[in-house]
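J.: Structure in structure tokens, see below.
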Amino acid sequence: MNRRDFVGLTGLATGALWLPNFPSLAGNLVDPAQLLEPGLDVAAKKRLADVALNAAKAAGATYADIRIQRTLNQSVFTREKQVQGIASIESLGVGIRVIANGTWGFASTNNVTDAGIAKTAQQAVAIAKANSKVQKEPVKLAPQRGYGDVAWKTPIEKNAFEVPIKEKADLLLAANATALANGASFVNSALFQVNEQKYFASTDGSYIDQDIHRIYPTFGVTVVDRASGKFRSRQSLSSPMGMGYEYLTPKAADKVAGPTGSDVIGYKNSYDILEDAARAAKQTKQKLTCKSVVPGKYDLILDPHHLGLTIHESVGHPTELDRVLGYEANFAGTSFATLEWRKKNIPYGSKNVTIVADKLQPNSLGAVGYDDEGVKTKEWTIIDQGKLIDYQKIRDQAAIVGQSASDGCCYSQSWRDVQFQRMANISLRPSATKRSVDELVSGVDKGIYIAGNGSFSIDQQRYNSQFGGQVFYAIEKGKITEMLEDVAYQTNTLEFWGACQGSCDASDYRFAGFFNDGKGQPSQSSAVSHGSATTRFNGVNVINTARKIG
Amino acid sequence: MAILSKDEAQALLKKVLTYTTADECEASLRGRTSGNIRYARNSVSTAGAQDSVSLAVEARFGKRSGIATCNEFDEATLRRCVQRAEEIARLAPESPEYVPLLGPQTYLSPPSAATTTLTPALRAQAAADSMNLCAAKNLTSAGFLDGGTSFRAMRNSKGLEAYQQSTNTEFSVTVRTADGRGSGYAIADVTDPAKLNTKALTQRAADKATGSVNAKAIEPGKYTVILEPAALVASDDLSLLGGLVGGLDARSADEGRSFMTKKGGGNRKGEKLFDERINIYSDPLNAEVPGNAFDGDGLPTQRMSWVEKGVVKNMYYSRYWAEKNKVAPTAYPNGFIMTGGTQSTADLIKGTAKGILVTRLWYIREVDPQTLLYTGLTRDGTFYIENGAIKFPIKNLRFNESPIIMLNNIEAIGRPVRLAGCLVPPLKIRDFTFTSLSDAI
């Protein structure tokens with residue numbers, strides 16, 4: 001994850017000093033009504049795509065693809081009783097990627113005309129030819145059949161862009177009011193909505209029209225004790241989702257209770273922001289006075305909102321093949337799970353750990369019909385009962401691991417940027433046998449239940465990690481006893497997954513999502529979900545994070 | 001088109017302002033022309049160029065404000081952009097934090113020192129210099145070079161006019177041994193690309209890589225450390241000093257939710273929080289790291305002391321918070337300078353009986369905003385020092401430390417060097433807290 005996620009809403013002040021107050025170059029701020037205007041029709045996009053493909057071939061490309069993309073973003077920010085900002089952003093352009101002389105070339109433009117597109121295709125070929133002079137190995141692209149004219153759309157029930165802004169702002173202000181009424185000193189809330197209208201075409205013969213939606217409501221509550229100078233915060237337990245505005249219509253069936261005595265409610269495919277804001281304020285007040293954890297070894301019971309981030313960092317990233325091969329060595333890092341390491345058959349985790357990659361899961365952030373190089377998406381297994389059996393790979397990587405097809409996880413954040421391998425939804429399979437969260441807790445003698453993801457850090461090869469959370473409860477002799485503070489656990493990826501004792505069943509399964517996972521140079525953002533049920537890990541090292549400063 | 005001259009930019013902005021009927025209107029232009037090249041496994045992976053310019057128009061009716069942007073500049077588009085800003089403003093709620101637009105301001109003129117334009121051929125050569133050095137030594141390089149020219153311009157209906165052009169190039173490289181048992185890193189950013197030597201930087205990273213093979217494990221705990229500048233500031237991640245200086249925000253402190261919050265209320269401006277050798281300031285006129293002449297509100301930047309002899313001298317006040325507290329507002333700086341001495345990192349090592357040299361810290365995240373406790377890990381070259389010399393490489397370590405505690409445990413301060421738009425010295429710190437070992441290389 002990158003800065004935008006971890007800064008969170010209660011920490012807006014920290015780091016804000018360096019944020020420029022200038023227009024972004026990522027898109028244009030527009031009247032919200034403009035977001036409802038239809039973009040180019042499919043026939044026009046197909047014609048423009050052919051302009052690019054023909055121009056690229058004429059210039060010497062052996063392969064070419066084009067993404068004609070219109071991205072709509074709308075964000076609403078509030079604090080306490082006021083709307084702080086509303087931004088409606090539209091971005092339209094094309095990105096053209098080619099292979100010439102066995103080398104990739106890429107160029108992009110917001111001049112979406114025949115002339116602009118043809119010129120950009122020629123630029124992409126020129127860049128490929130220039131780079132081919134220092135290229136050592138020609139690109140080997142896994143074969144991909146063309147799909148002809150196809151389409152895919154996120155199955156939303158209510159387009160968030162069609163909901164009046166006032167209604168969205170009123171909902172956030174109502175959540176703020178609820179938090180304040182329950183003891184919050186401060187509350188920031190926000191709603192982010194994204195619609196990618198993406199048209200992909202390639203010389204393989206695919207013309208793919210996709211309409212992709214994502215939504216993310218969130219808040220941060222802070223309670224301040226002026227006398228002591230102490231403050232505590234709690235972030236919302238919502239998840240960004242691949243859904244429409246229907247995510248904000250709460251349904252009782254989507255609420256999942258934490259263990260008895262914990263006062264935690266998790267959310268599946270709908271979110272009750274008012275209820276969560278009230279609970280957040282009450283829990284934050286408790287955090288100010290609750291017991292500070294005694295460091296040591298504990299059995300951890302991790303809720304899906306929390307565990308999703310651990311899965312993301314300790315399984316999602318190390319099984320990305322570009323990291324494994326060294327393409328991210330200078331920034332995000334490499335991976336311990338190298339091709340040589342895999343051959344040694346060292347267990348990644350216990351037999352309870354089966355982890356799948358999935359670009360199809362309904363309501364997930366990663367769900368699309370086709371990826372950004374025209375590959376139909378699928379589900380595949382990464383870890384089977386503790387054994388690493390596959391990676392996440394795209395077309396130019398498949399041959400490197402002796403495979404003949406991409407996994408369909410290529411993505412670019414915008415028309416402006418070149419597509420590359422990005423993380424699919426990576427999820428832990430729930431228990432096949434019935435098991436409730438209370439049953440999971442009942443077997444723990446000395447443990448901690450953690451809900452919500454918090455502070456996180458992991459090394460560049462994904463061995464050593466440290467995770468915090470939002471709320472922590474002590475478990476003694478099978479029961480939740482009291483709230484704790486200052487909790488973080490430090491672990492090694494293989495030890496952690498090796499200590500996995502199993503999960504609750506599918507009735508407890510839900511997503512944790514991340515809107516802005518960062519990778520690449522220049523850094524690009526992607527959105528990804530991680531599903532799991534509440535899961536137990538034995539004997540994890542817990543530290544106390546309280547410090548004193550002068 | 002991406003880089004407009006002062007006259008071109010102001011002429012365009014002047015025209016935009018004639019289209020508005022709003023009570024107040026401000027127009028801003030931002031443009032950048034840049035190029036990058038990325039390589040890994042000693043081979044180019046991607047290369048790209050960016051050439052863009054964007055106009056933002058903020059229209060205000062009373063305390064209602066709307067912003068629209070565009071990146072085409074024909075008259076019809078400009079008129080539509082102004083009209084959209086006005087429409088958004090009319091629909092917006094009144095801002096309780098409204099402050100009027102600024103009137104005419106006087107700005108400093110930070111130096112702009114680029115003597116070379118980074119062409120695609122120069123970028124390719126710079127990358128090739130790095131890759132070839134590594135290939136010849138059976139080492140693997142992964143690097144990124146990104147550089148270009150930017151400009152910003154503002155004009156408003158109250159008479160404010162501002163313009164600045166700047167250049168910046170950053171290069172970083174990670175060198176790994178062929179067997180993956182050693183890794184090294186080097187980074188530099190420059191105003192003038194002519195000053196960039198990718199070969200020398202790659203050699204430094206290569207030396208760290210070969211020197212870090214066969215790393216030994218040491219027990220986590222409190223150690224004397226020498227933190228090189230890349231362990232203190234970063235342009236692509238949180239950093240210990242960046243987090244500290246960026247967190248000197250008066251509003252969050254006054255609201256009670258910052259490490260700068262004073263028990264009982266208010267903030268800790270004026271208190272001595274650090275060792276008396278700590279001095280941090282920003283100066284847009286510094287020749288080594290020229291800064292922005294104005295911030296996003298059009299406020300002029302000036303030399304501003306943040307920490308003097310360990311005392312917090314100034315905090316950031318937005319225009320709204322300044323007005324509410326009846327103090328002068330603070331312009332956003334875009335970097336800072338920490339003063340130091342004359343010792344190089346090598347000199348600091350010579351003066352160390354026992355300690356750890358840290359090349360770089362990575363994946364730094366805030367653990368507790370109350371104490372500014374951060375966690376993160378060493379990376380790409382961590383060495384044990386004994387009797388004034390590097391004795392052996394050590395395995396990477398996770399730290400849990402607050403920069404506030406760290407800047408009270410100063411043993412020595414080296415000579416500042418430029419990094420991430422800041423001037424920062426290597427620091428020798430006692431009792432730096434490492435909490436666990438990492439197997440990462």
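All of the numbers you see were taken from the coordinates with simple rules; none came from a lab. Quick caveat: nothing in here was measured; it's all calculated off a predicted structure. Here the Cβ is made from the backbone with ideal geometry for all residues, glycine too, and neighbour counts use every protein chain on show.
J.: Rg and Dmax of the protein assembly as shown over Cα atoms: what are they, in angstrom?
T.: Over the protein assembly as shown's Cα set, Rg and Dmax evaluate to 27.0, 75 Å.
J.: Find the relative contact order for the range B:90-165 and round it to a whole percent, using C-alpha pairs within less than 8 Å whose residues are 6+ positions apart.
T.: On the way: 46 pairs, mean separation 27.7, N = 76.
About 36 percent, as a whole number.
J.: Let's see if you can work this out: charge +1 on each Lys and Arg Cβ, -1 on each Asp and Glu Cβ, no other charges. What is the dipole magnitude of the range B:274-360 about its Cα centre, in debye to the nearest 20? Intermediate results must be reported in sequence, preceding the final value.
T.: Numbers: 10 positive and 9 negative charges, 51 e Å.
Using Cβ point charges on Lys, Arg, Asp and Glu, the range B:274-360 gives about 240 debye.
J.: Another question, then. Restricting things to alpha carbons, find the Rg to Rh ratio for the range A:476-550 using the Kirkwood radius for Rh. Could the numbers behind the result be given before it?
T.: Details: Rg = 17.0 Å, Rh = 16.0 Å.
We get a ratio of 1.06 for the range A:476-550.
J.: Would you list A:TYR298, B:TYR98 from fewest to most Cβ contacts within 10 Å?
T.: If I rank by nearby Cβ atoms, fewest first, I get B:TYR98, A:TYR298.
J.: Let a ≥ b ≥ c be the square roots of the eigenvalues of the Cα gyration tensor of the range B:337-415; is it rounded (a/c under 1.5), or, if not, prolate (a/b larger than b/c) or oblate? Don't skip to the end; give the middle numbers.
T.: On the way: a/c = 2.22, a/b = 1.34, b/c = 1.66.
Judged from the Cα gyration tensor, the range B:337-415 comes out oblate (a/c at least 1.5, b/c at or above a/b).
J.: Residues with beta-carbon under 15 Å from that of B:ILE187, excluding B:ILE187: net charge, scoring Lys, Arg +1 and Asp, Glu -1?
T.: Details: positive: B:ARG38, B:LYS195, B:LYS199, B:ARG204, B:LYS208, B:ARG360, B:ARG379, B:ARG418; negative: B:ASP146, B:GLU170, B:ASP189, B:ASP207, B:GLU228, B:ASP236, B:ASP237, B:ASP380.
Here the charged neighbours net out to 0.
J.: Here is the link list: A:LYS153/A:LYS376; A:LYS343/A:LYS434; A:LYS291/A:LYS446; A:LYS136/A:LYS359; A:LYS393/A:LYS519. Which ones come out longer than 24 Å on Cα distance?
T.: Working: A:LYS153/A:LYS376 13 Å; A:LYS343/A:LYS434 35 Å; A:LYS291/A:LYS446 15 Å; A:LYS136/A:LYS359 33 Å; A:LYS393/A:LYS519 15 Å.
Checking Cα-Cα distances, A:LYS343/A:LYS434; A:LYS136/A:LYS359 exceed 24 Å.
J.: Follow-up. Let's test this: bin the Cα-Cα distances of the range A:401-550 at 5 Å from zero up to the farthest pair and state each bin's percent.
T.: So the P(r) values, bin by bin, are 2, 8, 12, 18, 19, 15, 11, 8, 5, 3, 1, 0, 0.
J.: Can you tell me the dipole magnitude for the protein assembly as shown around its Cα centre, using point charges on the Cβ only (Lys, Arg +1; Asp, Glu -1), in Debye to the nearest 20? Write down the numbers at each step before the final one.
T.: Numbers: 114 positive and 102 negative charges, 332 e Å.
Value, rounded to 20: 1600 debye.
J.: Can you give me the relative contact order of chain A as a percent, contacts being Cα pairs under 8 Å and 6 or more apart?
T.: Details: 1434 pairs, mean separation 84.9, N = 550.
Computed value for chain A: 15 percent relative contact order.
J.: What's the angle, to the nearest 10 degrees (0 to 90), between helix B:198-211's Cα axis and the longest principal axis of chain B?
T.: 40
J.: While we're looking at this one, here's another question. How large is the convex hull of the Cα atoms of chain B per residue, expressed in Å³ as a whole number?
T.: Working: hull volume 65.9 nm³, N = 441.
Value for chain B: 150 Å³ per residue.
J.: What's the Cα-based Rg to Rh of the range A:51-202, Rh via Kirkwood?
T.: On the way: Rg = 22.5 Å, Rh = 18.8 Å.
Expressed as Rg/Rh, it is 1.20.
J.: Moving on to the next point. For chain A, find the longest principal axis of its Cα atoms and tell me its angle to the long axis of helix A:42-59, 0 to 90°, nearest 10.
T.: Approximately 60 degrees, to the nearest 10.
J.: Let me ask another. Please report, in Å, the Rg and the Dmax of chain A, where both are computed over Cα atoms only.
T.: Cα-based Rg and Dmax for chain A come out at 23.8, 74 Å.
J.: Next up: What does the structure give for B:254-262 when I average, per residue, the other chain Cβ atoms found within 10 Å of the residue Cβ?
T.: That works out to 5 on average.
J.: If you don't mind, another one. Over all directions, what mean area does the Cα convex hull of the range A:147-283 project, stated in square nanometres? Write down the numbers at each step before the final one.
T.: Details: hull surface 45.8 nm².
Mean orientational projected area (the range A:147-283, Cα hull): 11.4 nm².
J.: So what is the relative contact order of the range A:392-550, in percent, for Cα pairs below 8 Å that sit 6 or more residues apart? Mind dumping the intermediate values first?
T.: On the way: 301 pairs, mean separation 36.1, N = 159.
Normalised by residue count, the contact order of the range A:392-550 is 23 percent.
J.: Let me ask something else about it. May I have the pair-distance distribution P(r) for the range B:64-182, computed from all Cα-Cα distances with 5 Å bins from 0 and rounded to whole percent?
T.: 2, 8, 11, 11, 11, 10, 10, 9, 8, 7, 6, 5, 2, 0
J.: Here are some pairs, A:LYS81/A:LYS297; A:LYS140/B:LYS199; A:LYS129/B:LYS137; A:LYS287/B:LYS269; A:LYS158/A:LYS378; B:LYS199/B:LYS272; which of them have Cα atoms lying more than 32 Å apart in this structure? Walk me through the numbers before you get to the answer.
T.: On the way: A:LYS81/A:LYS297 43 Å; A:LYS140/B:LYS199 30 Å; A:LYS129/B:LYS137 27 Å; A:LYS287/B:LYS269 27 Å; A:LYS158/A:LYS378 26 Å; B:LYS199/B:LYS272 43 Å.
Result: A:LYS81/A:LYS297; B:LYS199/B:LYS272 exceed 32 Å.
J.: Compute the distribution of all C-alpha to C-alpha distances in the range A:222-327, in bins of 5 Å from 0, and list the percent of pairs in each, rounded to whole numbers.
T.: Percent of pairs per bin, in order: 2, 9, 14, 17, 17, 15, 12, 8, 5, 1, 0.
J.: Using Cβ counts within 10 Å as a stand-in for footprinting exposure, how do A:HIS306, A:HIS317 rank, fewest first?
T.: Values: A:HIS306 30, A:HIS317 25.
Starting with the residue having the fewest Cβ neighbours, the order is A:HIS317, A:HIS306.
J.: Next up: Which whole-number percent of Cα pairs in the range B:117-166 have a distance greater than 18 Å?
T.: Values: 681 of 1225 pairs.
Considering the range B:117-166, 56 percent of its Cα-Cα pairs are separated by more than 18 Å.
J.: Which one of B:LEU139, B:LEU122, B:LEU348 has the biggest mean-square fluctuation once chain B is modelled by GNM with Cα springs under 10 Å?
T.: It is B:LEU122.
J.: Another question about this same structure. How far, in degrees from 0 to 90, does helix A:114-132 lean away from the longest principal axis of the Cα atoms of chain A, to the nearest 10?
T.: 80
J.: Kirkwood hydrodynamic radius of the range B:285-436 from all distinct Cα pairs, in Å?
T.: Numbers: mean 1/r = 0.0564 Å⁻¹.
Its Kirkwood hydrodynamic radius stands at 17.7 Å.
J.: When the helix-only estimate is applied to chain A (DSSP H runs of n ≥ 4, each -39,500 (n - 2.57), divided by the residue count), what is the mean residue ellipticity at 222 nm, nearest 500 deg cm²/dmol? Numbers along the way, then the final one.
T.: Numbers: 10 runs with 105 residues, N = 550.
About -5500 deg cm²/dmol.
J.: Have a look at B:LYS309, B:LYS269, B:LYS137 and tell me which one the Gaussian network model of chain B (Cα, springs below 10 Å) gives the largest fluctuation.
T.: B:LYS137
J.: Still on this structure: Shape call for the range B:147-256 from the C-alpha gyration tensor, a ≥ b ≥ c root eigenvalues: rounded (a/c under 1.5), prolate (a/b greater than b/c) or oblate? Before the final figure, lay out each step's value.
T.: Details: a/c = 4.18, a/b = 1.51, b/c = 2.77.
Taking the square roots of the gyration eigenvalues as a ≥ b ≥ c, the range B:147-256 is oblate.
J.: Sticking with this one: Starting from the coordinates of the alpha-carbon atoms of the range B:1-149, obtain the Kirkwood hydrodynamic radius over all distinct pairs and give the value in Å to one decimal. Numbers along the way, then the final one.
T.: Working: mean 1/r = 0.0535 Å⁻¹.
Taking every pair of different Cα atoms in the range B:1-149, averaging 1/r and inverting gives 18.7 Å.
J.: Let me ask you something else. Sort B:CYS25, A:CYS500 so that the residue with the fewest other Cβ atoms within 10 Å of its own Cβ comes first and the one with the most comes last.
T.: The most exposed by this proxy come first: A:CYS500, B:CYS25.
J.: Among B:ARG64, B:ARG38, B:ARG30, which one shows the biggest mean-square fluctuation in a GNM of chain B, springs joining Cα atoms closer than 10 Å?
T.: Among B:ARG64, B:ARG38, B:ARG30, the largest mean-square fluctuation in the Gaussian network model of chain B belongs to B:ARG64.
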